[in-house]
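Visitor: Dropping the structure in here first, questions after.
The values are calculated or read from the model by the stated rules, or taken from the named source; none is laboratory data. A quick note: this is a predicted structure, and the numbers were derived from the prediction, not measured. Note: ideal-geometry Cβ built from the backbone for every residue, glycine included; neighbour counts use all protein chains shown. Accessible surface is based on the protein model in full, side chains and every heavy atom, while ligands, DNA and RNA are left aside. Shrake-Rupley method; radii C 1.70, N 1.55, O 1.52, S 1.80 Å.
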Amino acid sequence: MHVSSLSLSLTALALVSPCTAHPQSRLAQPILQKASDTQARADAVKEAFSHAWDGYYQYAFPHDELHPVSDGYGDSRNGWGASAVDALSTAVIMRNATIVNQILDHVAKIDYSKTDSTVSLFETTIRYLGGMLSGYDLLNGPASDLVEESSKVDVLLTQSKSLGDVLKFAFDTPSGVPYNNLNITSGGNDGAKTNGLAVTGSLALEWTRLSDLTGDTTYAKLSQKAESYLLNPQPKSSEPFPGLVGSNIDIATGKFTDAQVSWNGGDDSYYEYLIKMYVYDPERFGLYKDRWVAAAQSTIQHLASHPSTRPDLTFLASYNNGNLQLSSQHLTCFDGGSFLLGGTVLNRTDFINFGLDLVNGCHDTYNSTLTGIGPETFSWDPNSIPSSQQALFDSAGFYITSGAYILRPEVIESFYYAWRVTGDETYREWIWSAFSSVNKYCRTGSGFAGLTNVNAADGGSRYDNQESFLFAEVLKYSYMAFAGDAEWQVQKGSGNKFVFNTEAHPMRVST
Ligand code: DMJ
């Protein structure tokens with residue numbers, strides 16, 4: 001479905017696509033048009049958020065995450081209350097002042113200088129730093145009426161600066177490419193020789209915002225120095241196609257150590273941030289946009305792949321040394337959203353259409369399973385199909401290599417971009433269908449649990465873990481699709497006032 005053929009295909013799709021879905025949506029309703037139905041869906045997502053928050057607050061707060069089967073807790077993100085900080089911007093957008101105040105009271109008490117476990121620079125940046133900066137931007141701007149005492153909001157920036165100061169030693173390397181795995185007590189690291197593309201290249205948004213808000217340029221400079229090696233990749237062989245680069249960077253020299261290309265986990269948010277930095281500030285980050293455009297064009301030319309049994313579908317293959325691997329991931333499904341954002345901001349219909357093709361492919365991975373939720377990894381390589389999955393490959397164009405679902409957001413995230421950019425109700429239907437499946441299969445008495453097998457009738461067994469991105473991403477993108485327009489929503493064209501970090505925390509664009 002392309003923009004140029006949108007009006008013609010709208011009616012047909014609206015009637016057909018939800019009905020070709022997984023079994024439980026065969027009875028799906030026609031496309032909703034009434035505002036009251038849209039409101040009911042927004043309310044249903046809010047209810048799911050409150051359910052998850054109440055369970056976390058009762059059984060796990062102020063630890064990092066709820067164990068939603070045993071009603072226990074875990075501290076996989078250094079014990080600073082990751083779910084609380086990750087939930088803040090969603091609670092603001094849902095206008096839940098009670099939860100917002102609970103989280104602000106918690107943030108004021110966090111001591112980011114103390115933890116017993118290894119700190120991930122990337123995860124801490126996108127969840128904690130991104131969560132706090134976003135809360136600060138929202139509560140200082142369009143949601144300023146939610147909190148009466150401005151000092152409680154100011155703490156978000158003070159704590160962001162404290163966290164940046166704790167983490168900044170990571171960049172103290174010969175090249176400026178940071179270590180990712182840190183011992184913040186000793187000032188040490190894990191001794192890695194290389195750092196990954198995504199974890200190096202998904203820091204600039206948060207660290208630049210921190211500098212812009214505090215007036216201290218240190219953080220922006222550190223993150224942009226690290227990024228400079230990615231924007232000008234050496235050796236030349238590490239860029240097999242214009243804009244598409246290898247996966248690992250030597251921490252001592254800043255040179256790439258390979259030329260393996262993909263949009264999969266490990267590489268993903270490097271590409272995501274190239275265009276988002278341009279949205280953040282087109283004056284300062286024009287080169288980032290040029291690199292995204294080059295990567296996007298090369299991706300269409302060299303990585304777009306169509307399953308032999310479903311040539312109508314488009315997935316992204318990965319590339320290494322002349323070979324294409326015909327496999328992909330749930331994580332990769334942010335790609336449609338990235339093409340749609342770049343396409344609308346740059347007014348490039350070709351990118352929008354390719355983004356919609358990618359969204360359609362990822363929808364197929366949801367639409368074809370028994371739960372209506374897509375798998376963690378899948379393949380369309382016709383040479384290694386397990387016989388038990390031949391029928392799935394024949395009808396759906398892919399087979400499952402890991403059937404897990406750990407509450408990831410990427411497919412719903414790209415549906416959201418498709419909805420915002422096209423206004424086509426079909427994409428809201430897809431969001432509603434995906435959210436309904438998560439609500440049905442993952443919900444427990446205290447929250448939401450991952451599934452071991454999305455293509456088993458009941459989803460298989462449950463993982464006793466609730467990742468903090470359930471709050472930050474899944475429920476935020478689901479909610480925003482049914483909520484009214486607002487300053488923080490993604491806009492069609494170039495008028496965005498906010499840009500979402502890779503954990504779905506909206507930051508105000510540079511003014
Ligand atoms: C989140 O932490 C972020 O979206 C990140 O970019 C990828 N992994 C998870 C969600 O799957």
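Visitor: Out of curiosity, is Glu429 more than 15 Å from the ligand (Cβ to nearest atom), at pLDDT 95 or above, in a helix (DSSP H, G or I) and of a type outside the set (Ser, Thr, Tyr)?
Guide: Against the criterion (more than 15 Å from the ligand (Cβ to nearest atom), at pLDDT 95 or above, in a helix (DSSP H, G or I) and of a type outside the set (Ser, Thr, Tyr)), Glu429 qualifies.
Visitor: Also, I was wondering about something else. Can you go through Asp364, Asp381, Asp357 and tell me which one is out of contact with any Ser or Thr (no Cβ under 9 Å at 6 or more places or on another chain), modelled with pLDDT of 95 or more and more than 25 Å from Glu503 (Cβ to Cβ)?
Guide: Matching residue, one of Asp364, Asp381, Asp357: Asp364.
Visitor: Check Ser269 against each of (1) within 16 Å of the ligand (Cβ to nearest atom); (2) without any contact (Cβ under 8 Å) to a residue 60 or more places away in the chain; (3) open to solvent by less than 10 Å² (accessible area, probe 1.4 Å) and name the one condition it does not meet.
Guide: For Ser269, the exception is condition (2).
Visitor: Looking for something in contact with a Pro (Cβ under 8 Å, 6 or more places away or on another chain), part of a helix (DSSP H, G or I) and within 16 Å of the ligand (Cβ to nearest atom) - is there at least one such residue anywhere in region 357-379? Give the derivation first.
Guide: Initial filter on region 357-379 (in contact with a Pro (Cβ under 8 Å, 6 or more places away or on another chain)): 365, 369-370.
Then keep just the ones that are part of a helix (DSSP H, G or I); that gives 365.
Narrowing further to those that are within 16 Å of the ligand (Cβ to nearest atom): 365.
Scanning region 357-379 turns up at least one residue that is in contact with a Pro (Cβ under 8 Å, 6 or more places away or on another chain), part of a helix (DSSP H, G or I) and within 16 Å of the ligand (Cβ to nearest atom).
Visitor: May I pose another question? Please enumerate the residues belonging to region 179-238 that are aliphatic (A, V, I, L, M), open to solvent by less than 10 Å² (accessible area, probe 1.4 Å) and over 24 Å from Ala294 (Cβ atoms).
Guide: Within region 179-238, Leu182, Leu210 qualify.
Yes or no, residue by residue, for (1) touching a strand residue (DSSP E or B) at 6+ places or on another chain (Cβ under 6 Å); (2) modelled with pLDDT under 95; (3) open to solvent by 10 Å² or more (accessible area, probe 1.4 Å); (4) within 16 Å of the ligand (Cβ to nearest atom):
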position	(1), (2), (3), (4)
Ala434	no, no, no, yes
Glu467	no, no, yes, yes
Val474	no, no, no, yes
Phe482	no, no, yes, no
Asp485	no, no, yes, no
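Visitor: Quick check on my filter: what residues within region 295-329 are part of a loop (DSSP other than H, G, I, E, B) and out of contact with any helix residue (DSSP H, G or I) (no Cβ under 6 Å at 6 or more places or on another chain)? Break it down stepwise before answering.
Guide: If we filter region 295-329 for residues that are part of a loop (DSSP other than H, G, I, E, B), which is where we start, we get 306-314, 317, 321-322, 326.
His306, Pro307, Ser308, Arg310, Pro311, Asp312, Asn321, Gly322, Leu326 - these are the residues of region 295-329 that are part of a loop (DSSP other than H, G, I, E, B) and out of contact with any helix residue (DSSP H, G or I) (no Cβ under 6 Å at 6 or more places or on another chain).
Visitor: Check Val438, Val359 and return the single one that is among the aliphatic types (A, V, I, L, M) and more than 23 Å from Met277 (Cα to Cα).
Guide: Just one listed residue meets the conditions, Val438.
Visitor: Hey, could you check region 399-415 for residues that are assigned to a helix (DSSP H, G or I) and either open to solvent by 30 Å² or more (accessible area, probe 1.4 Å) or touching a Gly at 6+ places or on another chain (Cβ under 6 Å) (or both) and say which is farthest from Ser437 (Cα to Cα)? So that I can check it myself, show each step before the final result.
Guide: Taking region 399-415 and keeping what is assigned to a helix (DSSP H, G or I), we get 410-415.
Remaining after also requiring either open to solvent by 30 Å² or more (accessible area, probe 1.4 Å) or touching a Gly at 6+ places or on another chain (Cβ under 6 Å) (or both): 411, 413-414.
On the way: Val411: 13, Glu413: 15, Ser414: 17 Å.
The qualifying residue farthest from Ser437 (Cα to Cα) is Ser414.
Visitor: So which residues in region 111-149 are over 20 Å from Met507 (Cβ atoms) and among the hydrophobic types (A, V, I, L, M, F, W, C)?
Guide: Scanning region 111-149 gives a single hit, Val119.
Visitor: Quick check: is even one residue across region 256-266 more than 16 Å from the ligand (Cβ to nearest atom) and either part of a strand (DSSP E or B) or at positive phi (or both)?
Guide: Yes, region 256-266 has at least one match.
Visitor: Another one. Name the residues in region 309-332 that are in contact with a His (Cβ under 9 Å, 6 or more places away or on another chain) and either of a type in the set (S, T, N, Q) or open to solvent by less than 10 Å² (accessible area, probe 1.4 Å) (or both), would you?
Guide: Leu313, Thr314, Phe315, Ala317
Matching residues to (1) out of contact with any strand residue (DSSP E or B) (no Cβ under 6 Å at 6 or more places or on another chain); (2) among the small types (Gly, Ala, Ser); (3) without any contact (Cβ under 8 Å) to a residue 60 or more places away in the chain:
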{"site": "Asn101", "(1), (2), (3)": "yes, no, yes"}
{"site": "Leu104", "(1), (2), (3)": "yes, no, yes"}
{"site": "Ala108", "(1), (2), (3)": "yes, yes, yes"}
{"site": "Thr118", "(1), (2), (3)": "no, no, no"}
{"site": "Thr124", "(1), (2), (3)": "yes, no, yes"}
{"site": "Asp137", "(1), (2), (3)": "no, no, no"}
{"site": "Val147", "(1), (2), (3)": "yes, no, yes"}
{"site": "Ser150", "(1), (2), (3)": "yes, yes, yes"}
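Visitor: So Val421 ticks every box in (1) in a helix (DSSP H, G or I); (2) under 19 Å from His306 (Cβ atoms); (3) more than 16 Å from the ligand (Cβ to nearest atom) but one. Which box is left unticked?
Guide: (2)
Visitor: Right, something else. Going by the structure shown, is Leu370 in contact with a Cys (Cβ under 7 Å, 6 or more places away or on another chain), of a type in the set (A, V, I, L, M) and farther than 16 Å from Pro311 by Cα?
Guide: Considered against the rule, which asks whether it is in contact with a Cys (Cβ under 7 Å, 6 or more places away or on another chain), of a type in the set (A, V, I, L, M) and farther than 16 Å from Pro311 by Cα, Leu370 comes out as no.
Visitor: Hey, another quick one. Go through region 111-157 and give me each residue that's closer than 19 Å to Phe498 by Cα and within 16 Å of the ligand (Cβ to nearest atom).
Guide: Going through region 111-157, the residues closer than 19 Å to Phe498 by Cα turn out to be 125-146, 153, 156-157.
Across region 111-157, the qualifying residues are Thr125, Ile126, Arg127, Tyr128, Leu129, Gly130, Gly131, Met132, Leu133, Ser134.
Visitor: Exactly one condition in (1) in contact (Cβ under 8 Å) with a residue 24 or more places away in the chain; (2) at negative phi is false for Tyr399; which is it?
Guide: (1)
Visitor: Run down Leu146, Leu129, Leu157 and say which single residue is among the hydrophobic types (A, V, I, L, M, F, W, C) and crowded, with 23+ Cβ neighbours inside 10 Å.
Guide: On inspection, the qualifying residue turns out to be Leu129.
Visitor: Can we say Ser50 is among the hydroxyl-bearing types (Ser, Thr, Tyr), open to solvent by less than 10 Å² (accessible area, probe 1.4 Å) and within 29 Å of Lys497 (Cα to Cα)?
Guide: Considered against the rule, which asks whether it is among the hydroxyl-bearing types (Ser, Thr, Tyr), open to solvent by less than 10 Å² (accessible area, probe 1.4 Å) and within 29 Å of Lys497 (Cα to Cα), Ser50 comes out as no.
Condition check ((1) closer than 30 Å to Ser50 by Cβ; (2) crowded, with 24+ Cβ neighbours inside 10 Å; (3) touching a His at 6+ places or on another chain (Cβ under 7 Å)) across all residues:
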{"position": "Glu376", "(1), (2), (3)": "yes, no, yes"}
{"position": "Trp380", "(1), (2), (3)": "no, no, no"}
{"position": "Ser388", "(1), (2), (3)": "no, no, no"}
{"position": "Gly397", "(1), (2), (3)": "no, no, no"}
{"position": "Tyr417", "(1), (2), (3)": "yes, yes, no"}
{"position": "Asp424", "(1), (2), (3)": "yes, no, no"}
{"position": "Trp430", "(1), (2), (3)": "yes, yes, yes"}
{"position": "Ser437", "(1), (2), (3)": "yes, yes, no"}
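Visitor: Starting from region 287-312, keep only residues that are in contact (Cβ under 8 Å) with a residue 12 or more places away in the chain and among the basic types (Lys, Arg), then list their pairs with residues that are surrounded by fewer than 19 Cβ atoms within 10 Å (Cβ to Cβ) and outside any loop (DSSP other than H, G, I, E, B) whose Cβ atoms are within a distance under 7 Å, requiring at least 6 positions of separation or different chains.
Guide: Arg291/Leu231
Visitor: Continuing with this model, one more query. From the list Gly447, Gly460, which residue is within 17 Å of Leu407 (Cβ to Cβ), more than 14 Å from the ligand (Cβ to nearest atom) and crowded, with 21+ Cβ neighbours inside 10 Å?
Guide: Gly447
Visitor: Further, regarding this structure: Kindly evaluate His306 against the criterion of being surrounded by fewer than 22 Cβ atoms within 10 Å (Cβ to Cβ), away from the ligand (no atom under 16 Å from the Cβ) and farther than 22 Å from Tyr270 by Cβ.
Guide: Numbers: surrounded by fewer than 22 Cβ atoms within 10 Å (Cβ to Cβ): yes; away from the ligand (no atom under 16 Å from the Cβ): yes; farther than 22 Å from Tyr270 by Cβ: yes.
Considered against the rule, which asks whether it is surrounded by fewer than 22 Cβ atoms within 10 Å (Cβ to Cβ), away from the ligand (no atom under 16 Å from the Cβ) and farther than 22 Å from Tyr270 by Cβ, His306 comes out as yes.
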